[in-house]
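See structure below.
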Amino acid sequence: KVYVACQSMLIVLVGAVPEYHIDQEGIPASRAELAKHIHFADNFTSIVTEASTSWYLIEQEAYKVSLASSLFFAGLLIGNITFGPLSDKLGRKPVYISGLFLDVVLGYVTALAPNYDVFAVSRFFVGIVNGGMALVSFVLTQEYVGKSFWSFTGSLTNLTFAIGIAAYALLGYWIREWRYLALVSNSPGVIFLLLSFMLPESPRWLYSQGKTAEAEDVLQYIALGNGKERLNLKLKPCAGTSRNDESTPGILNLVKHPVLRWRTVILMYIWYVCSFVYYGLTLNAGELRGNLYLNVALSGLVEVPAFPLCMFFIEKPWSGRRKTMTCFLIFAGFACIFTMFLPTNAGLLLSPSLLALCGKMMVSAAFNIVYIYTSELYPTVLRNAGLGVCSMSCRFGGILAPFVPSMKSLSPSVPFVVFGISGLSAGFLTLLLPETLNKPIAESLEDLQSAKYQALKNE
C-alpha cells in the first residue's frame, strides 16, 4: 500500500504548477514561440515545466494535468473489473504478482516518458495494473487470517496507504526534479515484487475451489511460521465445490442472486462516494494555500487517527460496521458543507482548510471500513468479483474528483458542498445493509441460502 499510495499521489507533485510569468507583448505566432517567453520558478520541476512544446501544460492546455490524473483512475476502473474475477478463477497470488510486475515496469515508462502523450498513456496502464494488484493484495491479506482479525489487518493495510502519502510528500520535498522523483518512488516496487514470491496462495481460495489438501498445507505452513507445533488438520469439503458438473460462479451472480443484487447496488454507490470525496479532498491538497509538501503530508497524516477510531468502534456490538460507517460518512459530509460558512481568513482553528482535513479524516475512516465491510458481505467464491465491481464504481468517483476543485471558480465553497451532499447521501444509504459483526462468513453461494447461515446471520 505504500507503493500504491506513491503511484496514486504521483500527479499531485509531478503535475504541480510552479509560479511562472510570460515576458512577451502581444500574441505569439506559435506555441513554440510562446514557450520561449515562459519563465518558471526554479524551486521544483514538473511535467508543466518541461521545455518541449509537446508538454505545454499551462493556460488553455492546463486541463491535461487533470486529464492525466483522470486517466489513471480510469485505468483503476478497468483493473478492478478484470483483476477481481481473474483472481477468483486463477488464484490470488499469480494475478497479484503479475500485476505488481507490470506496475513496476510501466512506472519506469512514466518516469522516462519523452512527451505528454506517452506520459498520459502510461498513467492509464499503470492505473489498470495498480488498481487490480492493490485489490487482489488486500483480499489476499484478509484471507491469510481468521475473520476475527479482518478489521485489524484491513485497517493496518489501509493505514500504510496514508503513511505512503506522507512518505511521498517527504520524497518530493527532497527530490525536486520530477523524473527522479518518479523513478525513486517507483523503485520500492522492485523490492516488494521480490518479497512477494515468498507468499503462499490464499488458503480460503484454495478451499473454495475444492483444493482442500493444498489449503491444509498452507495452513500448516502458516501455523509453523507462527511457532505452533504441526497440527492434525483435516478440512471438510466445501459445499460449493462438491458438485464438479457446475460451472464456477461468475460476476453475473452479483446481479442474478437475490441476496447479492441490492447489496451490490448500494455498495457500489457507497464506494463511489468514498472515492469521490477522498480523492477530491486529497488532490485538492495541492490547491490549498501554504507549503505544497506540508499540505500533501498532512492530507496523509490526518488519516492516521482514523484507524484506531475504526478499530475501536467497528468491534463494539452497539456500533458495529454499519452504524460506524454511517456516522463517519455523515460527519464527513457535514464537515465539508460547514466550510461554506467560514471566511477564508478566519484563522487556523476555524479555517476551511482545517474542516477539509477533518472531512478527509472522516471519509478515510469510512473508506477503511467499506473495504472490511464489503469483504464480509460477499462469499469467498465471489469476494474478489464483488470487491472488483464495487471498486470499479468507486473509480468513477476518482475520475471525476480531479475536476471538482476547478468548480471553485463559481464559489470557493462549491467543491466542498458537492463533497458534503455526496457524503450525507451515502451515509444514510448504508443503513439499508445488514450488520456483519460476529456473523458467519459465507464460502459459497449455497451458504447464503443455507438454513444454518441464515440462522447465524439473524442472531
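Histogrammed with a bin width of 5 Å, the alpha carbon distances of region 127-182 distribute as 4, 16, 18, 18, 18, 13, 8, 5, 2, 0 percent, first bin at zero. Protection proxy ranking for 216-224, 440-448, using the average of other Cβ atoms within 10 Å per residue and placing the highest first: 440-448, 216-224. Straight Cα distances below 21 angstrom link LYS408 to the lysines LYS64, LYS360, with same-chain residues fewer than 8 positions distant left out. GLU443's amide H: which non-local residues (gap 5+, or another chain) put their own amide H closer than 5 Å, with H modeled 1.01 Å from N in plane and none for Pro or chain starts? Those lying under 5 Å, H to H, from GLU443 are THR380. Partner lysines whose Cα lies under 22 Å from the Cα of LYS211, excluding those fewer than 8 positions away in the same chain, are identified as LYS89, LYS93, LYS147, LYS234, LYS236.
In sequence order, region 358-370 has phi-based couplings of 5, x, 5, 5, 5, 6, 5, 5, 5, 5, 5, 5, 5 Hz under the Karplus curve 6.51 cos²θ - 1.76 cosθ + 1.60, θ = phi - 60°, and Gly or Pro positions carry x.
If R₀ is 45 angstrom, what is the calculated FRET efficiency for the pair ALA213 and LEU309, using the beta carbon separation as r and rounding to 0.05? Plugging the Cβ-Cβ distance into 1/(1 + (r/R0)^6) gives 0.60.
Note on region 1-199: the C-alpha convex hull projects to 11.8 nm² when averaged across all orientations. Placing a label point 7 Å from the Cα of PHE192 along the Cα-to-Cβ direction, the residues of region 72-112 with a backbone N closer than 14 Å are 96-108. Placing a pseudo-label 7 Å from each Cα along the Cα-to-Cβ vector at LEU170 and LEU431 gives an inter-label distance of 4.3 nm. Is the C-alpha gyration tensor of region 183-239 telling us rounded, prolate or oblate? Criteria: a/c under 1.5 is rounded; beyond that, a/b larger than b/c is prolate, otherwise oblate. Oblate, because a/c is 1.5 or more while a/b does not exceed b/c.
The spacing between region 55-102 and region 139-217, judged by their C-alpha centroids, is 17 Å.
Extension gain for the segment LYS147 to TYR221, taken as residue separation times 0.36 nm less the Cα-Cα distance, is 24.8 nm to one decimal.
Coordinate-derived values only; no laboratory data. Here the structure is a predicted model, which is why all the values come from computation and not from measurement. All Cβ positions, glycine included, derive from the backbone under ideal geometry; neighbour counts span all protein chains shown.
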